[in-house]
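**Student:** Pasting in a structure now, in structure tokens, and then I'll have a few things to ask.
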Amino acid sequence: MDHFNYVDGVLHAEDVPLTRIAAEVGTPVYVYSTATLTRHFQQFQQALAWTDHLVCFAVKSNSNLAVLKLLGNLGAGMDIVSAGEYARAKAAGVPGDRIVFSGVGKTEPEMRMALEGGIRQFNVESEPELELLSRVASSMGVSAPIAVRVNPDVDAKTHEKIATGKSENKFGIPIARARDVYARAASLPGIEVVGIDMHIGSQLTDLEPYRQAYAKMAELTRALRADGHDIRRLDMGGGLGIPYTRDNNAPPLPIEYGQVIRDAVGDLGCEIEIEPGRNISGNAGILLSSVIYLKEGEGRDFLILDAAMNDLIRPAMYSAHHDIVPVAEAAPGVAVAPYDVVGPVCETGDTFEKGVQLPGLSAGDLVALRSAGAYGAVMASEYNSRPLVPEVLVNGDQFAVIRPRPTLEEMLGRDTIPEWL
């Protein structure tokens, strides 16, 4: 469910017509719904209400400070993977004891930054990282709380570029070596073992891979406790998928996901952490765009938008689908025709979707690309020297620009020409 619906023939974000945002901010523009973000976060809260828990929003999915502030005010923790994301979480007012540091390539400066500013735990991904973290924490006279990310070798049945739990993926420590790595962690100065971490992939639409992975986590928890480790926290990862089209079967609900966790590890008495990102922010955002041209081709017609692959790269990178709908609702029974919806970037890959059934549209008409609130703005670039897309947050009948569109002068001003040129 989201809060983008037609009202009197015009697509709205909550109570704001998208035509108003287009007129005042311009296009292309990302638009996020406060009500949808709130609802999706609260669904995860309810799914884990049976135990002590922390829902950590995956900052990589949408790192806008206003979005982080909104979720932080609701009680969310943050799952971060870089110093920049740590700084964003802190700038949004999220305390260090609600920030989990994930990622395979943490550097010494990033470790120091988190230890100085406060951190809930490091999800350690490798033995070299563990050794470095020990040296850094010891040199600072502090202890670093850790969970080791364990790779369970479970196929998440998702896109190969977002699968993380198979043995050939770069993430985590093989589960067969976990007990040895935990023994080493317990022997190191400056390291405090607090739990286990496991994350098998993104955009999962089936709960069975979770069941398989979490069964292994429960078995490992018991084994590590038998070895003398105080395993009191289980980070179950995230990755629950969303419906990218309103015509397909919906993925499992957060409440069903929560029950899988309860069935697998509910008897262990551990605090539960999860790291949803896409499931909170994905359907809470759309990319609003204007038609530049309708171009007739050989055997196909092209709808050329002012949004492009540099604004929303998921279709080009993952062959991902986003529903594309007109902002002006088509009258019942109106004729539709297939269009290849493309952007203006000089790449054949700058294609959002082929054969989209749409009513007749003309230059200046508005369309919305749905389910664009996750991995949209955060992955945008200035390819073709196109300024980054602005972002807008809607709350009821009001909206605010939460990241302005840079001017061409601002974009050019970041470059420096040396004196000898």
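**Student:** Quick check on my filter: what residues within segment 128-169 are on the phi > 0 side of the Ramachandran plot and at pLDDT below 80? Full working, then the answer.
**Tutor:** Keep residues of segment 128-169 that are on the phi > 0 side of the Ramachandran plot, which gives 141, 153, 157.
Within segment 128-169, Lys157 is the sole residue that qualifies.
**Student:** Show me the helices (runs of 4 or more DSSP H) found entirely inside segment 1-107 where at least 3 residues are in contact (Cβ under 8 Å) with a residue 60 or more places away in the chain and more than 14 Å from Gly373 (Cβ to Cβ).
**Tutor:** Filter on segment 1-107 gives 18-25, 34-47.
**Student:** Out of the residues in segment 173-215 meeting the condition of being surrounded by fewer than 18 Cβ atoms within 10 Å (Cβ to Cβ) and among the charged types (D, E, K, R), tell me which one is nearest to Ser102 (Cα to Cα).
**Tutor:** Checking each candidate, the answer is Glu192.
**Student:** Taking segment 107-123 as the region of interest, how many residues are exposed (fewer than 15 other Cβ atoms within 10 Å of the Cβ) and out of contact with any strand residue (DSSP E or B) (no Cβ under 9 Å at 6 or more places or on another chain)?
**Tutor:** 4
**Student:** Which residue pairs have Cβ atoms closer than 9 Å, lie 6 or more positions apart in sequence or on different chains, and pair a first residue in segment 403-421 that is outside any loop (DSSP other than H, G, I, E, B) with a second residue that is β-branched (Val, Ile, Thr)?
**Tutor:** Correct list of pairs: Arg403/Val389; Arg403/Val392.
**Student:** Considering only residues that are among the hydroxyl-bearing types (Ser, Thr, Tyr) and touching a helix residue (DSSP H, G or I) at 6+ places or on another chain (Cβ under 6 Å), look in segment 185-215 and name the one that is nearest to Asp227 (Cα to Cα). Give the derivation first.
**Tutor:** Residues of segment 185-215 that are among the hydroxyl-bearing types (Ser, Thr, Tyr), as a first pass: 187, 202, 205, 210, 214.
Those left that are additionally touching a helix residue (DSSP H, G or I) at 6+ places or on another chain (Cβ under 6 Å): 202, 210, 214.
Values: Ser202: 32, Tyr210: 25, Tyr214: 20 Å.
Out of the qualifying residues, it is Tyr214.
**Student:** If Pro254 satisfies every condition in (1) in contact (Cβ under 8 Å) with a residue 12 or more places away in the chain; (2) over 18 Å from the mean Cα position of the chain (by Cα); (3) closer than 17 Å to Arg211 by Cα but one, which is the exception?
**Tutor:** (2)
**Student:** Exactly one condition in (1) out of contact with any Cys (no Cβ under 7 Å at 6 or more places or on another chain); (2) among the hydrophobic types (A, V, I, L, M, F, W, C); (3) closer than 24 Å to Ile242 by Cβ is false for Ala87; which is it?
**Tutor:** (3)
**Student:** Additional query: Here are the criteria: (1) surrounded by fewer than 15 Cβ atoms within 10 Å (Cβ to Cβ); (2) farther than 19 Å from Glu192 by Cβ. Tell me which single one Met140 does not satisfy.
**Tutor:** Unmet condition: (2).
**Student:** Let me ask something else. Taking only segment 173-184 into account, find how many residues are over 14 Å from Gly228 (Cα atoms) and not hydrophobic (A, V, I, L, M, F, W, C).
**Tutor:** 2
**Student:** Looking at (1) loosely packed, with under 13 Cβ neighbours inside 10 Å; (2) assigned to a loop (DSSP other than H, G, I, E, B); (3) among the charged types (D, E, K, R), can you tell me which one Glu347 breaks?
**Tutor:** Result: Glu347 passes all but (1).
**Student:** Of all residues in segment 320-378 being touching a helix residue (DSSP H, G or I) at 6+ places or on another chain (Cβ under 7 Å) and among the aliphatic types (A, V, I, L, M), which is modelled with the lowest pLDDT?
**Tutor:** Ala320
**Student:** Same structure, new question: Being under 24 Å from the mean Cα position of the chain (by Cα), farther than 17 Å from Ala83 by Cα and not hydrophobic (A, V, I, L, M, F, W, C) is the filter here; which residues of segment 122-155 pass it?
**Tutor:** Ser126, Arg149, Asn151, Pro152, Asp153, Asp155 - these are the residues of segment 122-155 that are under 24 Å from the mean Cα position of the chain (by Cα), farther than 17 Å from Ala83 by Cα and not hydrophobic (A, V, I, L, M, F, W, C).
**Student:** For segment 297-311, state whether one or more residues are under 30 Å from the mean Cα position of the chain (by Cα), farther than 14 Å from Asp350 by Cβ, crowded, with 20+ Cβ neighbours inside 10 Å and modelled with pLDDT of 95 or more. Before you say what the answer is, go through the steps one by one.
**Tutor:** Narrowing segment 297-311 to residues under 30 Å from the mean Cα position of the chain (by Cα): 303-311.
Next, from what is left, pick out any that are farther than 14 Å from Asp350 by Cβ: none.
No, segment 297-311 has no match at all.
**Student:** Glu329 is checked against (1) crowded, with 19+ Cβ neighbours inside 10 Å; (2) more than 20 Å from the chain's Cα centre (by Cα) and fails just one. What number does that condition carry?
**Tutor:** The single condition Glu329 does not satisfy is (1).
**Student:** Test Ala337 against the criterion of being over 18 Å from Val31 (Cβ atoms), part of a loop (DSSP other than H, G, I, E, B) and not β-branched (Val, Ile, Thr), and give yes or no.
**Tutor:** Values: over 18 Å from Val31 (Cβ atoms): yes; part of a loop (DSSP other than H, G, I, E, B): no; not β-branched (Val, Ile, Thr): yes.
No.
The values are calculated or read from the model by the stated rules, or taken from the named source; none is laboratory data. Small disclaimer: the values here were computed from a predicted structure and weren't measured. Because the Cβ atoms are built from the backbone with ideal geometry, glycine has one as well, and the counts that use them run over all protein chains shown.
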